[in-house]
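Take a look at the structure set out below.
Every number in this text was worked out from the coordinates using simple rules, so none of it is lab data. Everything numeric in this text was worked out from a predicted model, so none of it was measured. Cβ atoms come from the backbone with ideal geometry, glycine included; neighbour counts cover every protein chain shown.
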Amino acid sequence: MSNTYCNEPWKTIHYDNVGAIGPCCTYRGNRDTSLKSVQEYLDSDWLKELKHKMLNDKRDAGCHNCWIKEDAGEDSQRLQQNRKDGILTETNIQRVWLSFGNICNKNCNICRPARSSIIAKEYKKLGSDHEIYSIDSDPEIVDKQFSGIYLDKWENYIDALDSAHEINLDGGEPFFTKQCTTILETLVKKGSTNKKLKFSTNGSATEKHYELLKHFKHIDFGLSIDGISELYSLVRSPHQWNWWETQHKLMEQQSNLTWTYLAVVHSFNVHQLPKMIRYFVENNPNTDARFHLTTVVSRPYLGSHVVPNYITEETIKELVLLEPYLNKKEKLNINNIINHLVYSMENKSTTDEENFKKFVDIFGPIKKLDYQSYLPWSIK
């Protein structure tokens, strides 16, 4: 099989956060926004060309998030999905993925305007000529919040939602949007509940949401959490750790719910990774996939390579010691992260280190955070 093959275009439809259809949530190529229905997308020359490249050892530029990880010796979504479902050559849409704009109740440090309305407001206040635009290659959609697009296009994808075995919902924060509630209410009313719902969420589901979710066969949360205890308030502002603990207790009461902790390895949490892993293992009864770590792609100056090597070396030593407590899937994930950390120590960037300091100087006052107080190494 081709070295660039990925089964996502044969099984998944993804509506991105401006309503354009594509093959998966990580695809960053130019999508055809003129397509009005699922069938138009499946019949489009655009999709046929993408599949042709994947079957003939050609890398599509829109898949660069996977290529970056694989070139660094890391696991990627392409590899994960190929392991999960194998080689598919006949189109059979099993999964529909909806991204609900950028409405969110957090302004996490590694996030960007397209995924957080709060961060979009921060960028807008800085102004279009601010220095941040010289270091941030992804300052998209800074002048507005956007939502409601799925209610406008409801008739275009409701049939796909009905027939899909799995529905993935993300944002922004899906539970902070009206569209999410509307979709859940509609599926319950139609009796279309014998399917798996997966959410990429920061844990903001309320009792009202859980009343709707109890009707479904199985619910799975991909829980975003990049730091625990005191570090949580830095990386997941404006919420504190006690907010997380309250939400977690509510989640534990749901009998049809499983979750996987999702953490991005970045400059602010490299030193805490072993502590985070221990928390993940101790607080998740889902023995198949208690956690999954990924790495920074869109903002390189927030990557682990800006962390001093002596901090990273100590983290690697502690991660190795945790391996006896991990299952096969988790060990593979940790080994990938160790490879990433080794690569980051060997591939330093003076430019990224300087831009990291600029980021801290710019956003510290805006977010009212003293970054230095949370880190065991000097930023200056």
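Brief remarks follow.
- Interchain or long-range residues, amide H under 5 Å from residue 27's placed H: none
- Degrees between helix 117-126 axis and first principal axis of the chain (Cα, 0 to 90, nearest 10): 50 degrees
- Distant-in-sequence amide contacts of residue 14, defined by a placed amide H-H separation under 5 Å and a gap of 5 or more residues or a different chain, comprise 22, 24, 97.
- Put simply, the C-alpha atoms of the range 154-302 give a gyration tensor, and the ellipsoid matching it has half-axes of 29, 17, 14 Å, longest first.
- Global form of the range 232-375, assessed from the alpha-carbon gyration tensor, a/c cut-off 1.5: oblate
- Positive minus negative residues near residue 236 (Lys, Arg vs Asp, Glu; Cβ under 14 Å): -1
- Taking one quarter of the surface of the convex hull spanned by the alpha-carbon atoms of the chain gives a direction-averaged projected area of 18.2 nm².
- Relative to its Kirkwood radius, the Cα radius of gyration of the range 260-302 gives an Rg/Rh of 1.03.
- Amide hydrogen neighbours beyond the local backbone of residue 326, cut-off 5 Å, H modeled: none
- Judged by the mean number of other Cβ atoms found within 10 Å, the most tightly packed of the peptides 315-321, 115-121 leads the ranking 115-121, 315-321.
- Degrees separating the helix 273-282 axis from the principal Cα axis of the chain, which is the longest one: 50 degrees
- Normalising the average separation of contacting C-alpha pairs (under 8 angstrom, six or more residues apart) by the number of residues puts the relative contact order of the chain at 13 percent.
- Karplus 3J(HN,Hα) series, Hz, for the range 248-261 with 6.51 cos²θ - 1.76 cosθ + 1.60 (x for Gly, Pro): 5, 5, 5, 5, 5, 7, 8, 6, 9, 10, 10, 8, 10, 6
- Ellipsoid equivalent to the range 303-380 - semi-axes via the Cα gyration tensor, in Å: 28, 15, 11
- DSSP bridge orientation in the chain - percent antiparallel, rounded to nearest 5: 5 percent
- When the inverse distances between all different Cα atoms of the range 164-243 are averaged and flipped, the Kirkwood radius reads 13.6 angstrom.
- Paired Rg and Dmax values of the range 8-93, which use every Cα atom, in angstrom: 12.7, 38
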